[in-house]
Amino acid sequence: MSMKIINGGVCAAKGFSANGIHCGIRKNKSKRDLSLIFSEVRANAASVYTTNLVKGAPLIVTKEHLSDGKAQAIICNSGNANTCNADGIEIAEKMSKICADALDISVSDVVVASTGVIGLPLNVEPIQSGIGELVSGLGDNSEFAAEGIMTTDTVKKELAISFEIGGVECKIGGIAKGSGMIHPNMATMLVFITTDCAISSAMLQKALSTDIQSTFNMVSVDGDTSTNDMVTILANGMAENSEIVCEGEDFDKFMLALNTLTVYLCKKIAGDGEGATKMIECKVSGADNLATAKTVAKSVICSSLTKAAMFGADANWGRVLCAIGYSGADVDVTKVDVSFISCKGEIEVCKGGAGVEFSEEKAKEILLQDEITIAINLGSGSEEATAWGCDLTYDYVKINGDYRT
């Protein structure tokens, strides 16, 4: 059985259900603001968190709850980050208890998350009032859960994949939110992943911590690292494959499925950047080491001038070279080649660190598309890396100029 995309999101794997409702945290009654993901059985769990010194209270509580590598539910609200609040820890614990009591599980088996405005006290009364509806509506409702964690996102972000471990079909699915304040150094915004694959907590953590280095750590929308970034994965083992407890062929297959899922979510997050009209992918090859490839790729997709050029469909390749030059990577700029690629074709704009003749009309046609690849060959080795970002538009400032009010 080959790996394939399937329906279901976080509900695709056996034993998982989800729901999302409007409970009243957000003023707009048409927007869901509370989500729940539940496993029929206690699951092995792993998580990674923001490296920002200012951390949301839910992250602190979740980290404590996951100290035993186990969880059974994830509850998340949008509209309020529960960050920089004097009673933040208390509120996050109350959210956990409300959820645990409603599901009749241990409070320590609850992952709690929040996203939205920083520094605004979170009232748990809407959560308490809505928990009955949230739990009673648990079912094949991944899209409701995906909607409930959105803030400035304009599209739901979810995917599920079927894959095989030891002749047994396993499934993995995820939902994500992320549109602004995205420049992670561990993960990005909020991502919740479920799988019925049997894998130990230790190997699950190893898989997640390894994967994010080339996925969520390589996404940037605006250069701001959030206070509430968290990626959590639950594995309940209900597929009944032989448990993965060490590295090997089965672990590699799990890693491939996980990476396929996370790369998709990375692209969806980058493409849905606040005010964005285009998803930008920077593929760097020919580096003499992986660190150099990653540094260059991230520098290019973070360049405000490059992002602005992509918005204007301007083949201003000098801005790409500029971003490479100040990246801090040890690069021989006389060996650098740059091309722009989209569904309309490919055009080389720089060879050996210098410009080449090219059709501005063809370049513009390529750059007018909503997905653009900036391909860079450093000409110094065999290592490669990919980063994802978006263009910089007028609307980014409009959205963030009155985000709180």
- Task: Quickly work out the L305-to-I5 label distance, labels modelled 7 Å from Cα along the C-beta direction, and quote it in nm with one decimal.
- Result: 3.7
- Once D140 and S30 are pulled to full extension, the length gained, defined as 0.36 nm per residue separation minus their Cα-Cα distance, is 37.6 nm
- Note on the structure: Asserting the computed 222 nm helical MRE of the chain (DSSP H runs at least 4 long, -39500 (n - 2.57) per run, divided by residue count, to nearest 500) equals -9000 deg cm²/dmol
- Query: So which residue, out of A45, A73, A308, gets the largest mean-square fluctuation from a GNM of the chain using Cα contacts under 10 Å as springs?
  - Reply: A308
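Once R0 is set to 25 Å, what does the formula 1/(1 + (r/R0)^6) return for the Cβ-Cβ distance between E360 and T277, expressed as a FRET efficiency to the nearest 0.05?
Values: r = 20 Å, r/R0 = 0.80.
E(calc), rounded to 0.05, equals 0.80.
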- Note on the structure: Computed over the Cα atoms of segment 1-82, the Rg and Dmax in Å are 15.3, 47
- Message: Can you give the Rg/Rh ratio of segment 203-243, where Rg is from the C-alpha atoms and Rh is the Kirkwood radius?
- Response: 1.11
- Query: Just for the chain, what percent of DSSP beta bridges are antiparallel, to the closest 5?
  - Reply: 70
- Work out which trypsin sites (Lys or Arg not before Pro) in the chain are exposed loop sites (DSSP not H, G, I, E or B, at most 11 other Cβ within 10 Å) and give the longest gap free of them. 30-403
- Write down the radius of gyration of the chain and its Dmax, each obtained from C-alpha positions, in Å. 21.5, 68
- Among the listed pairs K177/K294; K31/K294; K14/K55; K63/K177; K27/K307; K298/K364, give every one whose C-alpha distance is greater than 27 Å. K31/K294; K14/K55; K27/K307
- Item | At R0 = 35 Å, FRET efficiency that the Cβ-Cβ distance of Y394 and E40 yields, to 0.05 | 0.15
- Note on the structure: The Cα extents of segment 1-158 along the principal axes, largest first and rounded to whole Å, are 51, 38, 31
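Read the figures in this text as sums done on the coordinates, not as results from a lab. The structure presented is a predicted model; accordingly, all values stated were derived computationally and were not measured. Don't worry about glycine lacking a Cβ; one is built from the backbone with ideal geometry, like all the others, and counts go over all protein chains shown.
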